[in-house]
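The values are calculated or read from the model by the stated rules, or taken from the named source; none is laboratory data. Owing to the predicted nature of the structure, the values given are computational and were not obtained by experimental measurement. Heads up, the Cβs are rebuilt from the backbone with ideal geometry, glycines too, and the neighbour counts pull from every protein chain shown. Accessible surface areas use protein heavy atoms only, side chains included; no ligands, DNA or RNA. Shrake-Rupley method; radii C 1.70, N 1.55, O 1.52, S 1.80 Å.
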Amino acid sequence: MSTLAPWHQYATDAAHYGGIEAAVQEKLRPILRRIANLEKEQLEFERPTLSQPGKAFAELREEVKASDRSREIAALGRKAEAFRAQLRELPMRVSKYTRLACERHLRDLQHGPERGLWFDEKRATVAVKFFLLLTHNKGKWAGQPMTLEPWQQFFIASIFGWKRADGTRRFRESYLEVARKNGKSTVGSGVCLEMLVLDGEAGAEIYTAATKKEQARIVFGDAQNMASKSTSLLKKVKVQRNAILVPSTLSTMKPMSSDSKTEDGLNPHCIYIDEYHAHPDDGLYSVLKSATGARAQPLLSIITTAGFNRLGPCAQLRKACANLLEGQHTDDSYFALIFSLDEEDDWNDESTWQKANPNLGVSLQLDYLREQHLAAVRLPSQQVNFKTKHLNIWTDSAVTWIPSEVWALGNEGTPVAELAGRQCWGGLDLASVRDITALVFIFPTDDGAFDVRCWFWVPADTVDIRTEKDSIPYRQWVDEGYIIATPGNVTDYNYIKRQVQELCETYQVQMIDYDRFNASQLVIDLTDEGVPMQPFGQGFVSMNAPTKELEKLALEGKVHHYGNPVLAWMCGNVEIQRDPADNIKINKGKSKEKVDGMVALVEALGGYLSDDREDEYIREGRGIIEL
C-alpha cells in the first residue's frame, strides 16, 4: 500500500476526526441550547421579589417548577459531559473550518480535474523541502534546520502544489488564521523567500506588508536571518539592511507599511500581509491586490490571528472565507485555512485548545496555555485577550465590558407598538456638528427590566465617507433605518428637535438627561418647547451607579434592546474606567470607537434611578458610591 504524502495524510486525518467531532457536536448543540434556556428561566425565578397577599400558591407552584428545572439542568449536564468526554478521547481535535478546508482539498483531488485543476506532487514536495534549507532563528531550536509540522506542510503544499490547466498556480490569494505562537511568521517568511528564489519570476517584487513599518519588518527580519544563515540561499541572494536581492533575476524582497507612502508604481509578485486584524481599513490590501494584475501567477497571502474588531476588514474577509469553506460560494483561486474554537466549545476545556493551536506541544506548550488561562480566570479583564490571541476567537474589544453573548440576551422586548403612551426616561448624547447624536429611551417593565428604544442621527453627506473611512456599515444602517441621516454635511439640530418633539407626543417622557458639559442650543430649544430636560454629570459620582446597574441588568437579560446593531456595536466599543474606590464609568476618550448610544443609555438609567429611586437603589447595595 502506497504511503500518503504528509500533506494528504493531514487532510485525511483532519477530515476524518473532524467529521466525528461534527457528528457529536450536532447531538450536543440542542442540549446546550436547552440548558441555556433553563438557566435563564432559573435566573429569572431567583431574582428577589416582594411577596404580595394572595400570591402564596403561585409562589409555591413556581418553586416546584424551579426544582424541576434544576433536576433537568443536572440531567442534561451529565448528558452533555458524556458527549464532551467522547470528544476528549479523539486523537486529533480540529474545528469546523479546518475540517472544511481539508474536505475541500480531498474533494478537489477527486473532482478538480473536471474544472481544469490538478495537484503537482513534485512541486508540492519541492515547496515543503525548501524549508529544510532554512534554520530557526529563536528559542531552543535556533540554528537547527526547519522541519514543518503536518498542518504547515498542508498549507505550503496546497499553495504551491495546486495548478491550473495552463500550469500556473491555482491559488492567487490565501488566508491563514491561527493563534499566537504557532509559527505563522516562520511560515510567512519561508513563503516569501520561496517566491523570491524558486518561482522563476523575472523581476519579482516581494513585499511584507503591515500597518506599521515595525510590524512589516518582523517577517522581513525573520526572512533576512533565514537567508543570511543558509549557505544554499547565500549563493543566490544578497541580504541588505532594507532588501533581499536576487541579482540573477533582478528580484527583490522589501518590507512595506501603509504609512510608507510607496504604494504607487508597484508590480508585486508576492505580498504577505501580517496581522491583518490590526488594519483599520482595507486600503493597503486593496492597493496591493490591484497592483498584481500584470503578473502571471501572483500570490497575496494573509496570515493573522483573530482580532478585536468584528466589523473591520479582516473580520469581513474572514466571514467571506468561512462562506467559501461552507460552500455558499465558489472561488477556485482562493485558499482559506482557519484554526479556531467552534461556537459550541467551552473555552475552559483545555482539550479544545488544540483546534486553535495546531503547534501545541511543539512551539507552544500546554503548561504555558494553562498559565495564561489561569490568569484569565482570575482576572476577567484578561479573558478577552486570552480568547482572542490564544484561542483565536473574535471579540469586540481588547477588554470587553459586556460580552456580546450576554448583550444578545436582550434581543427581544415588548412589541414596539405597545410602548406608545408608556412612561419612559431618556438620555441624549449630543455630537459635534459632524458626529453621531444619540437619543435613548428606557421603558420600565413590571418584572424589573427595561425596553430600550434608540435613535441615532448623522449628517447625510458624511454617511458614505464614514463607511469607507471607518470600515463601519453606516450606509447599511441608514438604509435599514437604524441611523437617521439629517440633511447636509453638518448635524441639523432643528431636524433632530422636531423628531424629539414628535417622540414626546408618542411617549410619556418623564425626563431626558444630557451631558451638562456638551449642552447646545438644541437643549435650550427643547426646554423652551416644554420637553423635560436636566443635565447629567460625566464623572464617577454621576456615572457609577447607573453604569453598574446597567451591567447587572444586562447580565440578567433585562436590557431589551431589540437587537439594535448600532447599539450592539457601541456596547462592544466601551472601555470602562475605574477609580481607586472601584467606582466606574464609560471612558469616552479611551473607548476605541463610538459609544454615544451607551452613554445615552447610562444617562437615561441615571435619570430613572435619581427620580425618587436612589435611596432604594443604595439600600439594596447595588451601587453605593464611594468618594
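Overview of results
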{"read-out": "Residue check, Leu324 over 17 Å from Glu275 (Cβ atoms) and modelled with pLDDT under 95", "value": "no"}
{"read-out": "Odd one out for Arg93 among (1) at pLDDT below 95; (2) not in a helix (DSSP H, G or I)", "value": "(1)"}
{"read-out": "Long-range neighbours under 9 Å by Cβ, at least six apart or interchain, first residue closer than 30 Å to Ala554 by Cβ within region 452-463, second among the charged types (D, E, K, R)", "value": "Phe456/Asp596; Trp457/Asp492; Val458/Arg434; Val458/Asp435; Val458/Arg466; Val463/Arg475"}
{"read-out": "Region 187-200: number of residues that are open to solvent by less than 10 Å² (accessible area, probe 1.4 Å) and either out of contact with any Phe, Trp or Tyr (no Cβ under 7 Å at 6 or more places or on another chain) or not β-branched (Val, Ile, Thr) (or both)", "value": "8"}
{"read-out": "Total residues in region 136-159, condition modelled with pLDDT of 95 or more, over 15 Å from Ser189 (Cβ atoms) and assigned to a helix (DSSP H, G or I)", "value": "6"}
{"read-out": "Enumerated helices (runs of 4 or more DSSP H) restricted to region 470-538, each holding at least 2 residues that are touching a residue at least 40 places away in the same chain (Cβ under 8 Å) and of a type in the set (A, V, I, L, M, F, W, C)", "value": "493-506, 521-528"}
{"read-out": "Filter result for the condition that a residue is touching a Lys or Arg at 6+ places or on another chain (Cβ under 9 Å), farther than 22 Å from His105 by Cα and open to solvent by 10 Å² or more (accessible area, probe 1.4 Å), over Gly221, Gly143, Gly203", "value": "Gly143"}
{"read-out": "Yes/no for Asp446 being open to solvent by 60 Å² or more (accessible area, probe 1.4 Å) and more than 34 Å from the chain's Cα centre (by Cα)", "value": "yes"}
{"read-out": "Pairs where the first residue, in region 579-603, is modelled with pLDDT of 85 or more and the second is of a type in the set (A, V, I, L, M) and assigned to a loop (DSSP other than H, G, I, E, B), C-beta under 6 Å, 6+ apart", "value": "Ile586/Val574; Ile586/Val595; Lys594/Ile436; Val595/Val574; Asp596/Ile436; Met598/Val574"}
{"read-out": "Neighbours by Cβ (under 6 Å, 6+ apart or cross-chain): first from region 551-562, surrounded by 18 or more Cβ atoms within 10 Å (Cβ to Cβ); second assigned to a loop (DSSP other than H, G, I, E, B) and at pLDDT below 90", "value": "Ala554/Ile402"}
{"read-out": "Contacts under 9 angstrom Cβ, first residue in region 319-348 being under 22 Å from Ile303 (Cα atoms) and free of Cβ contacts under 8 Å to residues at least 40 places away in the same chain, partner among the hydroxyl-bearing types (Ser, Thr, Tyr) and surrounded by fewer than 16 Cβ atoms within 10 Å (Cβ to Cβ), 6 or more apart", "value": "Leu324/Thr330"}
{"read-out": "Failed criterion for Lys548 (all others in (1) in contact (Cβ under 8 Å) with a residue 40 or more places away in the chain; (2) open to solvent by 60 Å² or more (accessible area, probe 1.4 Å) hold)", "value": "(2)"}
{"read-out": "Any hit, region 456-464, residues being assigned to a strand (DSSP E or B), buried (at least 21 other Cβ atoms within 10 Å of the Cβ) and touching a His at 6+ places or on another chain (Cβ under 6 Å)", "value": "no"}
{"read-out": "Some residue of region 102-121 being surrounded by 15 or more Cβ atoms within 10 Å (Cβ to Cβ), assigned to a helix (DSSP H, G or I) and at pLDDT below 95", "value": "no"}
{"read-out": "Condition check for Ala157: within 32 Å of the chain's Cα centre (by Cα) and either within 14 Å of Pro298 (Cβ to Cβ) or open to solvent by less than 40 Å² (accessible area, probe 1.4 Å) (or both)", "value": "yes"}
{"read-out": "Residue ranges of strands (runs of 3 or more DSSP E) in region 243-320 with at least 2 members not β-branched (Val, Ile, Thr)", "value": "251-257, 270-274, 299-304"}
{"read-out": "Unmet criterion (only one of (1) more than 25 Å from Thr445 (Cβ to Cβ); (2) touching a strand residue (DSSP E or B) at 6+ places or on another chain (Cβ under 9 Å); (3) assigned to a loop (DSSP other than H, G, I, E, B)) for Glu593", "value": "(2)"}
{"read-out": "So Leu133, is it in contact with a helix residue (DSSP H, G or I) (Cβ under 9 Å, 6 or more places away or on another chain) and either open to solvent by less than 20 Å² (accessible area, probe 1.4 Å) or modelled with pLDDT of 95 or more (or both)", "value": "no"}
{"read-out": "Scan of region 250-284 for residues that are of a type in the set (S, T, N, Q), surrounded by fewer than 17 Cβ atoms within 10 Å (Cβ to Cβ) and at pLDDT below 90, ordered by number", "value": "Ser260, Thr262"}
{"read-out": "Total residues in region 161-198, condition out of contact with any Lys or Arg (no Cβ under 9 Å at 6 or more places or on another chain) and among the acidic types (Asp, Glu)", "value": "2"}
{"read-out": "Extreme residue, farthest from the chain's Cα centre (by Cα), among residues of region 239-249 that are surrounded by fewer than 13 Cβ atoms within 10 Å (Cβ to Cβ) and more than 13 Å from Leu198 (Cα to Cα)", "value": "Pro247"}
{"read-out": "Options Tyr493, Tyr514, Tyr507; residue that is modelled with pLDDT of 95 or more, surrounded by 15 or more Cβ atoms within 10 Å (Cβ to Cβ) and either more than 28 Å from the chain's Cα centre (by Cα) or closer than 20 Å to Ile436 by Cβ (or both)", "value": "Tyr507"}
